[in-house]
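*Asks:* Before I ask anything, let me first share the structure, which is written out below as structure tokens.
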Amino acid sequence: VDWALSRERYWGTPLPLWECDRCNARHLVGSVAELGQLVGQDLTQRGDLDLHRPQVDEWTWSCAAQGLCGGTMRRIRDVIDCWFDSGAMPFAQHHWPFAFTDDPSAFESLFPAGFISEGVDQTRGWFYTLHALGVLMRGEPAFQNCIVLGHILDEKGRKMSKRLGNIVDPWTVLDSEGADALRYYLFTASPPGQPRRFSQALVQRSL
């Protein structure tokens, strides 16, 4: 999949890429220790260190490209697509590899996952980025099995959205038809994993 890594947003994991405001030279920072050396501070000892925006954007240094151009290295404004954050979940939730320096083999029981489950729209979202980062970091897929769920659509077969105004309040259906009727309809409306249409009228007609 040809997918841009960066997004022009404020919230997200900042790209560790600094660019000179004069000569456009770029530098990719690989660690907190390296960033500290560039800005002339020991950032590894700072208990209040925050590498998110806007704090990370305050760290600058003089550009040394082509001798000394006199410009200032500033972090580019882009952040990493949040789906790559999600794809890093198997590693981030266990603080790999830093939490496994004493026993690297302990991670073997945690990766890859036996199975994951999400909606079909995650095919190019979570499913893809899990595999992309799993292969990049470990040389293998991030999960062995995947249960894919279909979407719940409106009664005309359209995906529900605020823009279309076709969202059904589940509490209205529960208060009117009851929980058992709602459960029965969702179990019988379509085969598991397939999209299903949903409305209060469809729940009524299923009884």
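*Asks:* Could you please give the count of residues in region 135-161 that are outside any helix (DSSP H, G or I), surrounded by 12 or more Cβ atoms within 10 Å (Cβ to Cβ) and among the hydrophobic types (A, V, I, L, M, F, W, C)?
*Replies:* Adding up the residues that qualify gives 8.
*Asks:* Filter region 35-71 down to residues that are under 30 Å from the mean Cα position of the chain (by Cα), of a type in the set (Ser, Thr, Tyr) and within 18 Å of Leu17 (Cα to Cα), then give me how many there are.
*Replies:* Adding up the residues that qualify gives 1.
*Asks:* Which residue, of Trp11, Trp3, is in contact (Cβ under 8 Å) with a residue 24 or more places away in the chain, assigned to a loop (DSSP other than H, G, I, E, B), open to solvent by less than 50 Å² (accessible area, probe 1.4 Å) and not polar (S, T, N, Q)?
*Replies:* Trp3
*Asks:* A further question on this structure: Quick one: which residue in Phe84, Phe107 is in contact (Cβ under 8 Å) with a residue 12 or more places away in the chain, open to solvent by less than 60 Å² (accessible area, probe 1.4 Å) and either more than 24 Å from His151 (Cβ to Cβ) or among the aliphatic types (A, V, I, L, M) (or both)?
*Replies:* Step by step, each of Phe84, Phe107 is checked, and only Phe107 is in contact (Cβ under 8 Å) with a residue 12 or more places away in the chain, open to solvent by less than 60 Å² (accessible area, probe 1.4 Å) and either more than 24 Å from His151 (Cβ to Cβ) or among the aliphatic types (A, V, I, L, M) (or both).
*Asks:* Can you name the residue in region 165-206 that is closer than 19 Å to Glu118 by Cα and of a type in the set (D, E, K, R) and is also most open to solvent (accessible area, probe 1.4 Å) among such residues?
*Replies:* Among those residues, the one meeting the criterion is Arg197.
*Asks:* What about Ile116, is it in a strand (DSSP E or B) and over 27 Å from Thr13 (Cβ atoms)?
*Replies:* So Ile116 fails the test.
*Asks:* For region 1-24, name all the residues that are within 17 Å of Tyr128 (Cα to Cα) and of a type in the set (Ser, Thr, Tyr).
*Replies:* Ser6
*Asks:* Would you tally the residues in region 40-60 being in contact with a strand residue (DSSP E or B) (Cβ under 6 Å, 6 or more places away or on another chain) and open to solvent by 30 Å² or more (accessible area, probe 1.4 Å)?
*Replies:* 2
*Asks:* Among the residues that make up region 121-137, is at least one of them hydrophobic (A, V, I, L, M, F, W, C) and in contact with a His (Cβ under 8 Å, 6 or more places away or on another chain)?
*Replies:* Scanning region 121-137, I find no residue that is hydrophobic (A, V, I, L, M, F, W, C) and in contact with a His (Cβ under 8 Å, 6 or more places away or on another chain), so the answer is no.
*Asks:* What are the residues in region 119-131 that are over 24 Å from Ser6 (Cβ atoms), part of a helix (DSSP H, G or I) and open to solvent by less than 20 Å² (accessible area, probe 1.4 Å), if any?
*Replies:* none
The values are calculated or read from the model by the stated rules, or taken from the named source; none is laboratory data. Just so it is clear, the model here is predicted, and its values are computed rather than measured. Note that we place each Cβ from the backbone using ideal geometry, even for glycine, and neighbour counts take in every protein chain shown. Only protein heavy atoms, including side chains, enter the accessible area calculation; ligands, DNA and RNA are left aside. Shrake-Rupley method; radii C 1.70, N 1.55, O 1.52, S 1.80 Å.
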